[in-house]
1. Can you tell me which residue in the range 47-72 is surrounded by the fewest Cβ atoms within 10 Å (Cβ to Cβ), limited to those that are within 16 Å of Ser14 (Cβ to Cβ) and in contact with a Phe, Trp or Tyr (Cβ under 8 Å, 6 or more places away or on another chain)?
2. Scan the range 30-46 residue by residue and report those that are surrounded by fewer than 16 Cβ atoms within 10 Å (Cβ to Cβ) and assigned to a loop (DSSP other than H, G, I, E, B).
3. Please identify the pairs in which a residue from the range 166-193 that is over 9 Å from Ala142 (Cα atoms) has its Cβ atom under 7 Å from the Cβ atom of a residue that is of a type in the set (Phe, Trp, Tyr), counting only partners at least 6 apart or on another chain.
4. When only residues in the range 145-165 that are of a type in the set (A, V, I, L, M, F, W, C) and free of Cβ contacts under 8 Å to residues at least 40 places away in the same chain count, which is nearest to Gly130 (Cα to Cα)?
5. Could you pull out the residue among Ile249, Ile208 that is touching a strand residue (DSSP E or B) at 6+ places or on another chain (Cβ under 7 Å), touching a residue at least 60 places away in the same chain (Cβ under 8 Å) and not polar (S, T, N, Q)?
6. Just one of Ala111, Ala82, Ala142 is closer than 18 Å to Phe189 by Cβ and either without any contact (Cβ under 8 Å) to a residue 40 or more places away in the chain or aliphatic (A, V, I, L, M) (or both); which is it?
Amino acid sequence: MESFQSFYFDTEISAEIFIDQIMKLHASISKLESLRISEEVKSLLGNLAKLCTLLPSTIDIKAFPQEVLSIRESLNNFVSQAEGLLELEFSTLISHKPNPLKYLTEYSYYAHYVRITSIESKILKENGIGNAKKVAFVGSGAMPLSSILMATNHMESTHFDNFDIDENANEVARRIVASDAALEKRMKFETQDIMEVKEKLGQYDCIILAALVGMNREDKVKILGHIRMYMKEGGILIVRSAKGARTFIYPYVEDHDFVNFQLLTTFQPRHALVHSVLRKKPKAQHQKSHM
């Protein structure tokens, strides 16, 4: 891993250095025989995350060579699989302990989830649904930290439905939450592809789409269209996405991909890997009948 230490700077790097390092990282990741959690996989994940925060999120990467842009989906898949395995390993370990919830602070990305859920909850409150009755979290995984932190720290009476396509992940998540009877009453886990959930989406005041739901822009656009079709009028959608160099970690959507959604706000923490986009499904216009 020595060849990657050169980009550990305290200041931003040039696009040329980024391109050189991202190609080297991708070459190393492509040689991996397994994505099972190991020191090598963790190191590659860490290097990728660090590298992608050394360019401003506002940088226009469309000018990057096509060879560089073409590896983004490959890197997104690596992150998705590696993070999923990391979550499952940690969650399985703590789920067998007497009080698994007290070990959540030991998770590698705990501080990141504290920040993002605090920001999103604050913005929801500012938009009038700080005390939402029902929230859906899509792509909750084996470590449903976002839902747990929101439910315990910010939205103490809200019911959360967590959707994930992996039953193993859901089963582990259920065991963790089951250790707290009060929390378990407000938190359910559904093993379902969100594209197969229809009328039920109309029950939620807010739907949150995790960053790794939809592994490319085309998939995300389809998911956005599906959710918009079935969610309630006036309901709020939070999409965790990425910009600039950070799209080499997480899939992205463009502003114009949110068809018929009203923009409420976009928040991009300076050093965060993801940003939160809040959109609202506008209420139907009935004036047309009088035209």
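Read the figures in this text as sums done on the coordinates, not as results from a lab. All of these numbers come straight from a predicted model, not from anything done at the bench. Here Cβ is always computed from backbone atoms with ideal geometry, including for glycine, and neighbour counts include all displayed protein chains.
1. Lys50
2. To start, the set of residues in the range 30-46 that are surrounded by fewer than 16 Cβ atoms within 10 Å (Cβ to Cβ) comprises 30-34, 36, 38-40, 42-43, 46.
Selection gives Lys31, Leu32, Glu33, Ser34, Arg36, Ser38.
3. Going by the 7 Å Cβ cut-off, the qualifying pairs are Arg186/Phe160; Met187/Phe160; Glu190/Phe163; Gln192/Phe163.
4. The initial filter retains those residues of the range 145-165 that are of a type in the set (A, V, I, L, M, F, W, C), namely 145, 148-151, 155, 160, 163, 165.
Narrowing the set further to residues that are free of Cβ contacts under 8 Å to residues at least 40 places away in the same chain leaves 149-151, 155, 160, 163, 165.
Values: Leu149: 14, Met150: 10, Ala151: 11, Met155: 7, Phe160: 13, Phe163: 21, Ile165: 28 Å.
Filtering first and then ranking leaves Met155.
5. Details: Ile249 fails: touching a strand residue (DSSP E or B) at 6+ places or on another chain (Cβ under 7 Å).
None of the other options fit; the residue is Ile208.
6. Numbers: Ala111 fails: closer than 18 Å to Phe189 by Cβ; Ala82 fails: closer than 18 Å to Phe189 by Cβ.
Exactly one residue qualifies, and that residue is Ala142.
Per-residue answers, yes or no, for (1) under 23 Å from Ile165 (Cβ atoms); (2) free of Cβ contacts under 8 Å to residues at least 12 places away in the same chain:
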{"position": "Phe18", "(1), (2)": "no, no"}
{"position": "Gly46", "(1), (2)": "no, yes"}
{"position": "Leu54", "(1), (2)": "no, no"}
{"position": "Ser91", "(1), (2)": "yes, no"}
{"position": "Lys102", "(1), (2)": "no, yes"}
